[in-house]
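Student: I have a structure I would like to understand better, so I am pasting it below and will then ask my questions one at a time.
Each reported figure results from applying straightforward, stated rules to the coordinates on display, with no laboratory input. None of the values given here were measured: they were computed from a predicted structure. Because the Cβ atoms are built from the backbone with ideal geometry, glycine has one as well, and the counts that use them run over all protein chains shown.
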Amino acid sequence: MTTPVHPHTAGNQPTFRVTSASFAHPDTTSAERAGLALEPARLEEALDRVRGAGVDAFVLATCLRVEVVNVGCDRANRRVLQLLYGDQELPEPVVRFDRDVIQHLYRVAAGLDSPIVGEPEVLGQFRAALEMSRAHGAAGGMFEKLLQSAVRAGRAVRKQLPETGTGSLALVAVDLAADAEEVAIFGAGAMARAATETLRRKENPPRVTVYARRPNAVGFDADDIRDISEAPKALADSPVVISATSSKRELFDGAVLGEALAGRSDLLLLVDLAMPPDFSPNGQRGKLRYFNLDDLAEHARDRQVSDEIEEVLEGLAADMWAKLTNHDQVGPVISAILAEARLAVEEEVRRFAGKLQADDAQFGVLNQLAQTVAHRVLHRPLSYLSSDEQGAQAAPILAEVFGVAGAD
C-alpha cells in the first residue's frame, strides 16, 4: 500500500484535520472487502485499541464499502489501519483529506455513492457505526459533530430523492429473476426477507422456497421453508437461486455446485448477495449465470444525481469545514460576545425588575424576554462567524465592534 501525504503536512495547517481511507466498489473487489470485514466483537476490540492510542476514528463497513476515517493526517490514518488490521496486507485505498472527506461522507450517508442512488440502508448503517465509535470513546468533540452532520446531510438529501425500497440490492436480484415461476432463497436475514417479500408482491408471483439454518425461526412468510441442508437440490432444480446467508465462509464447496450443475438441462441464475460471497463458481460457467455484489452494483447504476443535489451537498460540506477550521479562531470571540450579552442582560433585568417591583414570576418573564431579544440580535453575526469561510477574518473586527477581547 502506498503512503499518500497530507497536503498540509509541510505547512499552512488548518486547525482541524481529518483523513479517510476508502475500500469501496469498484476500486476494491468483493473478495478484498470480505477480507476487511470485522465482526462486531473484533471491531469493538479494535476501536478500544484505537481509543487507547489517543486517536478519534470512525469505521463504516457495508457489503460494498469499508470507510476508515480519523482525526489527523495520513500518519494517523495508517496508524488506525494498523490497529484495526495488524500486519494484514491491505488493498490500495482511496485516500481523502479534510473537506474532501466531509463531502465524501455526506455522499455516502445520503446514498449517492450507492448502486441504487438514495438507498436507505446505508444511512442506518452510518448511524450504527457512529454509535459504536461513540460508545467506545473513539468519536467525540468536533469529530462527533462532523459525523452527526453527515447523518443530517443524508436525511436532508434523501428528501429530494425518489423513494427507494428497503433491500436495494435484493430488489436488483429480484429484477434479474424476471418471470421465473420458482425461486429459491438461501438465508433468513434482511436481504433474504427483502427479496422474498418483493417476489411475493409481484403481479404474477413465483413460488418462493426459503432455505435456512433454523427453519422454525424464519421471521417472514414464504410458500415453503426448508432446512439449508436441502439447498443442493435447489441448485440442481430451481431456475433461480438468490443466496443471502450470513455465513463467514463459502456455503458449499465447488464440488457441490459442480455436481448440481452437471445434472441440469437448463441454465441456473445464481445471485449471490452474501458478504463474503456464498459461492466461488470459478470454471463452472457452462450452465450458470452468476452475479455477485459487484455485478449487481454495476447492473443497478441506471441514473445520475442531479447537479442541484450535488451543489447542496457541496455547500453543506463547505459550511461544515468552515466551522471546523474556524473553531479555534472564532470560538473565543463567540464566547466573549455571548458572555458580554449575558452580563448586560442580567444587569438590565435586575435594574428594571427593581423599578417595577417585580415578583419572581414576573422577573422570570422579563429575563426570558431580554435573553430572547439579545439572541435574536446576535444570531446573524454569530452565524456568520461560525459558518462562513471568511468568519475567521471577521472575528477581530466583530471583537472590536462588540468591545470584547478575542484570540490574537
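Student: Got the relative contact order for region 168-300 handy, in percent, Cα pairs under 8 Å and 6 or more residues apart? Numbers along the way, then the final one.
Tutor: Details: 250 pairs, mean separation 32.7, N = 133.
It rounds to 25 percent for region 168-300.
Student: Using θ = phi - 60° and the Karplus relation 6.51 cos²θ - 1.76 cosθ + 1.60, list the HN-Hα couplings for region 24-36 in order, rounded to whole Hz, with x at every Gly or Pro.
Tutor: 9, 4, x, 5, 10, 6, 4, 5, 5, 5, 4, x, 9
Student: Would you grab the residues whose amide H sits under 5 Å from the one on Val18? Only those 5+ places off in sequence or on another chain, please, with H modelled 1.01 Å from N.
Tutor: Excluding prolines and chain starts, which carry no amide H, the hits are Gly72, Asp98.
Student: Under 1.5 on a/c is rounded, so check that first for region 168-300, then, if it is not, pick prolate when a/b is larger than b/c and oblate when it is not; a ≥ b ≥ c are the square roots of the alpha carbon gyration tensor eigenvalues.
Tutor: Details: a/c = 1.29, a/b = 1.20, b/c = 1.08.
Since a/c stays below 1.5, the shape of region 168-300 is classed as rounded.
Student: Turning to a different aspect of this structure: Given 0.36 nm per residue, what is the gain on full extension from Gln160 to Lys355 after removing their alpha carbon distance, in nm? Walk me through the numbers on the way to the answer.
Tutor: Working: separation 195, 0.36 × 195 = 70.20 nm, distance 5.43 nm.
The Gln160-Lys355 span can extend by a further 64.8 nm.
Student: Next question, about the same structure. By its C-alpha gyration tensor, with a ≥ b ≥ c as the square roots of the eigenvalues, how is region 87-242 shaped: rounded for a/c under 1.5, else prolate for a/b larger than b/c, else oblate? Walk me through the numbers before you get to the answer.
Tutor: Details: a/c = 2.47, a/b = 1.98, b/c = 1.24.
Prolate is the answer for region 87-242, as a/c is 1.5 or above and a/b outweighs b/c.
Student: Length gain on complete extension for the stretch Glu39 to Lys287, per 0.36 nm per residue less the alpha carbon to alpha carbon distance? Could you put the intermediate results ahead of the total?
Tutor: Details: separation 248, 0.36 × 248 = 89.28 nm, distance 3.46 nm.
85.8 nm is the gain from fully extending Glu39 to Lys287.
Student: Could you list which residues have their amide H under 5 Å from that of Ser243, counting only those 5 or more apart in sequence or on another chain, with H placed in the peptide plane?
Tutor: HN-HN under 5 Å from Ser243: Phe186, Val271, Asp272, Leu273.
Student: Then there is this: Which order do Glu182, Glu311 fall in if you start with the one that has the fewest other Cβ atoms within 10 Å? The partial results should precede the final answer.
Tutor: Values: Glu182 15, Glu311 10.
With the fewest neighbours first, Glu182, Glu311 line up as Glu311, Glu182.
Student: In addition: Could you run the Karplus curve 6.51 cos²θ - 1.76 cosθ + 1.60 with θ = phi - 60° over region 80-86 and give me ³J(HN,Hα) per residue in whole Hz, x for Gly and Pro?
Tutor: Going residue by residue, I get 4, 4, 5, 5, 6, 10, x Hz, with x marking Gly and Pro.
Student: Quick one: dipole size for region 102-248, taken about the Cα centre, charges +1 on Lys/Arg Cβ and -1 on Asp/Glu Cβ, in debye to the nearest 20. Let's see the in-between values first.
Tutor: Details: 18 positive and 18 negative charges, 168 e Å.
That gives region 102-248 a dipole magnitude of about 800 debye.
Student: Give me a comma-separated list of calculated 3J(HN,Hα) values for region 178-187, in order, Karplus coefficients 6.51, -1.76, 1.60 applied at θ = phi - 60°, integers in Hz, x for any Gly or Pro.
Tutor: 6, 9, 4, 8, 8, 9, 9, 10, 9, x
Student: Assuming R0 = 51 Å, can you tell me the calculated FRET efficiency for the pair Asp307 and Lys233, based on Cβ-Cβ distance, to the nearest 0.05?
Tutor: On the way: r = 51 Å, r/R0 = 1.01.
After rounding, the FRET efficiency stands at 0.50.
Student: Separate question: What order do you get for Ile102, Ile228, Ile397 when you list them from fewest to most C-beta neighbours inside 10 Å?
Tutor: Working: Ile102 27, Ile228 20, Ile397 11.
Ascending number of Cβ neighbours within 10 Å: Ile397, Ile228, Ile102.
Student: Name the residues whose placed amide hydrogens come within less than 5 Å of the amide hydrogen of Leu251, ignoring near sequence neighbours (fewer than 5 apart) on the same chain.
Tutor: Phe279
Student: Sequence neighbours fewer than 8 away in the same chain don't count; with that in mind, list the lysines whose C-alpha is under 21 Å from Lys202.
Tutor: The qualifying lysines are none; the list is empty.
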